[in-house]
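Worksheet: the structure to be examined is printed underneath.
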Amino acid sequence: MASVTLKNIVKRFKAVTAVDNLSIEIQDREFAVLVGPSGCGKTTALRMIAGLETETSGEIFIGDRRVNDVSPKDRDIAMVFQNYALYPHMNVRDNLGFGLKMRKFPPSEISQRVQEAADILGIHELLDRKPKQLSGGQRQRVAVGRAIVRKPKVFLFDEPLSNLDAKLRVAMRTEISKLHRRLGATIIYVTHDQVEAMTMASRIFIMHNGALQQSGVPMEVYKQPANRFVAGFIGSPAMNFVTATLVADQGAYFVQAEHFRVRLPDVFSSRLAAHAGKPVIFGVRPEDMNEPDEAVSETRGNTVAMRVEVVETLGAETFVHLTCGSHTMVARVAVPDRLLTIGQEMQISLNMEKTHLFDEATFQTIV
């Protein structure tokens, strides 16, 4: 296996900059996920690593080898595509071994590698079937198996689960994670689904408008987003945002919004002084909003009166869509003891230790 390094990579399509000065370093045997909305440049970055796109400027290294001028077939990578790209006239056995056959591997080694891949993926009973006889999940396993038989330095996955139904996506996420642990492989995985990124990655790289916004282990990025985009993209339901003013009052700091005022923890004070009196964006995640516990003194004074608009009961938890004046927010709460009715007023306590502030002009994180 090998590390992958991108240094100041730029990719332009005429007047459009698809990737803008991207520098990342993916460690050997790491499961790295490039995540972001459609059009953010993540697939273009993956295709440049594979050699399917030529970078406008910058350098790409696989291990210690600079591969800018190396053809795709000589980069020792294997790519799994979104559409599986199986040959319909070949059975699974031949699909798995086709790449090795083109590279003039001996038939005995091809057979051995195909059997090894079938063992890893549990697809022995499928080897004599044609792709049209397979389900979506089975086709995906075959596409992964075709990459495994290559024994490449790096595996590249381009949104491989997007064509599967929701239940099968969850199952295949688990299978690919197990595969990574079993192979000890370097994997670079592209997706627009932040749930896939959070559950599968050793490290995530969040992209927007062609640029890297933040990288880190999933929970680090979740708890300490670098800017408003990252905060809103990572987490489901998304973080709630309210335009407000940061107010200093008798040594304390408050978020003053249109219809509520809450106090920020004193531990934030050293980072707030420069922003006092200025407009900010207040962010709070749905899971940090709940009905107040009167027995816990820390919840008092940071409750907000809100009106229930929609209630989504999901069994173990409930999403409550709320309004506070012109502000709309979503709370993820434990299943309430009483029935919530549309239009009722309820008090919501905010866990202020876990809230965030962003500069309104730059969208960068203050706390």
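The values are calculated or read from the model by the stated rules, or taken from the named source; none is laboratory data. Just so we're clear, the structure is a prediction, and the values are computed from it rather than from any experiment. Quick reminder, even Gly has a Cβ in these numbers, built from the backbone with ideal geometry, and neighbours come from all protein chains shown. Note: areas computed on protein heavy atoms with side chains; ligands, DNA, RNA excluded. Shrake-Rupley method; radii C 1.70, N 1.55, O 1.52, S 1.80 Å.
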Output the DSSP H helices from the chain with an along-axis C-alpha extent of no less than 20 Å and a mean Kyte-Doolittle hydropathy no less than -1.0.
107-121, 166-183
For the pair residue 259 and residue 341, what calculated FRET efficiency results from E = 1/(1 + (r/R0)^6), where r is the Cβ-Cβ distance and R0 = 25 Å, to the nearest 0.05?
0.75
Could you give the length gained on full extension between residue 65 and residue 135, defined as 0.36 nm per residue of separation minus the Cα-Cα distance, in nm?
21.3 nm
Please give the contour-minus-distance gain from residue 101 to residue 195: 0.36 nm per residue of separation, less the Cα-Cα distance, rounded to one decimal in nm.
30.1 nm
Please pull out the direction-averaged projected area of segment 76-118, using the convex hull of its alpha-carbon atoms, in nm² to one decimal place.
3.5
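Would you mind putting 167-180, 217-230, 40-53 in packing order, based on average other-beta-carbon counts within 10 Å, highest first? Mind dumping the intermediate values first?
Numbers: 167-180: 15.9, 217-230: 17.6, 40-53: 21.8.
Answer by packing, highest mean first, reads 40-53, 217-230, 167-180.
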Expressed as a percent, the accessible surface of the chain that is carbon or sulfur, using a 1.4 Å probe and the full set of protein chains, is 49
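In Å², what does the accessible area per residue of the chain work out to with a 1.4 Å probe?
Details: 17290 Å² over 367 residues.
Solvent-accessible surface per residue comes out at 47 Å².
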Can you compute the FRET efficiency between residue 313 and residue 354 using 1/(1 + (r/R0)^6), with r the Cβ-Cβ distance and R0 = 22 Å? Round to the nearest 0.05.
0.35
For the pair residue 217/residue 7, report the inter-label distance in nm, with labels modelled 7 Å from Cα in the Cβ direction.
2.9
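As a test, work out the antiparallel percent of DSSP beta bridges whose residues both lie in the chain, rounded to the nearest 5.
On the way: 60 of 78 bridges.
In the chain, DSSP labels about 75 percent of beta bridges as antiparallel.
By how many nm would the segment from residue 305 to residue 54 grow when fully extended, if each residue of separation counts as 0.36 nm and the alpha-carbon distance is taken off? Can you show the working numbers first?
Details: separation 251, 0.36 × 251 = 90.36 nm, distance 5.53 nm.
Extra length from residue 305 to residue 54 when fully extended: 84.8 nm.
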Angstrom value of the Kirkwood radius, inverse mean 1/r, which spans all Cα pairs in segment 229-330:
15.0
